[in-house]
Amino acid sequence: MIVVVTPNPAVDVTYRVDEQRIGTTQRVRSVDRLPGGKGLNVARVLAGEGIETHSVLPLGGSAGTWVADAVAALGLDATAVPVPGETRTTVTVVDDRAHPTMFGEPGPSVPPAAWLSVDDAVRALLPTADALVVSGSLPVGTAAEVVTPWIAAAVGSGVLVVADCSGPALLAAADAGATVCKPNREELAEATGLPDERDGALALLDRGAGMVVVSRGAEGIAAHTRTEVVEVGAVPGVTGNPTGAGDAATAGLVLALTRDATDVPSALRTAAAFGAAAVLRPVAGEVDRAAVHRFLSDTEPTRSTA
């Protein structure tokens, strides 16, 4: 069972238009509304592979009630932690000609007492967990250290931890000893202040991360340890909607590592395949399952001594 914490869940709205244009009225061809936030996207991909998940979600207001009901309707197990304020909405505008545009609300102000309830929920689930995933942004004004007790408790219980965070929360995850920190290149540079990928990865390793996996977008994905860098290129020739591809890659990574934590090349290939297969789907949180298995043969890992 995979425990997935989404610190800042959302109502994810996807608009499809013929062409994105600024300053004009545009007709929306279709609308999708799904429970979202990066962690929920990860949980939905894992559930699609038949993996048991349990999401921990701080939710508030009518939007939070909608997310809780929608998660239940999808058949996903979840613990909803009540918070004041209104759960946020994200709007993604997609056309066939340009990269999607996403508008993300900041989320509600979550008081310390609610984060303590999140902590209690995570700890209650750890005895039956194979992995803990902490994925996504924190609501504005939330101290980065809220992730520390979740990660430290999991590490202390011998549970694999994958932290797909950004900014100070990424540093806090490394300080807490996360098994894997998984930023993209931009997040790594922003959090560490180091523009070179290897330097940034080493900075997280020095803080306590067990491994740093860096998403490189169209250039693939890489895993950094103190002694080596393992790289897998992106699956070639895949076009579509990249929204949620990073979350699908996280799901693939977790799926592979829970099966064999020592086979890093295979885990990276699985992550790359899941990320590419998500691009073929119209909304985040889904993958083209047939494509996953096809893409697994389209990448080859390389190792280099660091």
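The values are calculated or read from the model by the stated rules, or taken from the named source; none is laboratory data. Since we're looking at a predicted model, the values are computed, not measured. Cβ sites come from the backbone with ideal geometry, for glycine too, and all protein chains shown count toward neighbours. Side chains are part of the model used for accessible areas, which takes the heavy atoms of the whole protein and leaves out ligands, DNA and RNA. Shrake-Rupley method; radii C 1.70, N 1.55, O 1.52, S 1.80 Å.
Scanning the range 274-294 for residues that are over 18 Å from THR243 (Cβ atoms) and modelled with pLDDT of 85 or more gives a single hit, ARG294. Looking across LEU202, LEU194, LEU171, one residue alone is open to solvent by 10 Å² or more (accessible area, probe 1.4 Å) and part of a loop (DSSP other than H, G, I, E, B). It is LEU194. On the given criteria, is GLY208 surrounded by fewer than 22 Cβ atoms within 10 Å (Cβ to Cβ) and modelled with pLDDT under 95? Considered against the rule, which asks whether it is surrounded by fewer than 22 Cβ atoms within 10 Å (Cβ to Cβ) and modelled with pLDDT under 95, GLY208 comes out as no. A count restricted to the range 174-187 and to residues that are in contact with a Ser or Thr (Cβ under 9 Å, 6 or more places away or on another chain) and in a helix (DSSP H, G or I) stands at 4. When the range 146-168 is filtered for residues that are of a type in the set (Gly, Ala, Ser), in contact with a strand residue (DSSP E or B) (Cβ under 8 Å, 6 or more places away or on another chain) and outside any helix (DSSP H, G or I), only ALA163 remains. Remark: pairs (first residue in the range 91-118, of a type in the set (S, T, N, Q); second residue in a loop (DSSP other than H, G, I, E, B); Cβ separation under 7 Å; 6+ apart in sequence or on different chains) = THR92/PRO100; THR92/THR243; THR101/GLN20; SER109/GLY85; SER109/PRO139; SER109/GLY141.
Does any residue of the range 83-100 turn out to be open to solvent by 60 Å² or more (accessible area, probe 1.4 Å) and modelled with pLDDT of 95 or more? Full working, then the answer.
From the range 83-100, those open to solvent by 60 Å² or more (accessible area, probe 1.4 Å) are 84, 86, 96-97, 99; that's our starting set.
Those left that are additionally modelled with pLDDT of 95 or more: 86.
Taking every residue of the range 83-100 in turn, at least one turns out to be open to solvent by 60 Å² or more (accessible area, probe 1.4 Å) and modelled with pLDDT of 95 or more.
Of all residue pairs spaced 6 or more apart or on separate chains, those with beta-carbon atoms under 6 Å, a first member in the range 162-185 that is over 22 Å from GLY217 (Cβ atoms) and a second member that is assigned to a helix (DSSP H, G or I) and hydroxyl-bearing (Ser, Thr, Tyr) are ALA172/THR148; ALA176/THR148.
Quick grid of which residues meet (1) open to solvent by 10 Å² or more (accessible area, probe 1.4 Å); (2) at pLDDT 95 or above; (3) within 30 Å of LEU116 (Cβ to Cβ); (4) in contact with a Gly (Cβ under 7 Å, 6 or more places away or on another chain):
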site: VAL4; (1), (2), (3), (4): no, yes, yes, yes
site: PRO9; (1), (2), (3), (4): no, yes, yes, yes
site: THR14; (1), (2), (3), (4): yes, no, no, no
site: GLU19; (1), (2), (3), (4): yes, no, no, no
site: ARG29; (1), (2), (3), (4): yes, no, no, no
site: VAL42; (1), (2), (3), (4): no, yes, yes, no
site: GLU49; (1), (2), (3), (4): yes, no, no, no
site: GLU52; (1), (2), (3), (4): yes, yes, yes, no
site: LEU59; (1), (2), (3), (4): yes, yes, yes, no
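Among the residues of this structure, ALA124 does not count as one that is open to solvent by less than 40 Å² (accessible area, probe 1.4 Å) and over 16 Å from the mean Cα position of the chain (by Cα).
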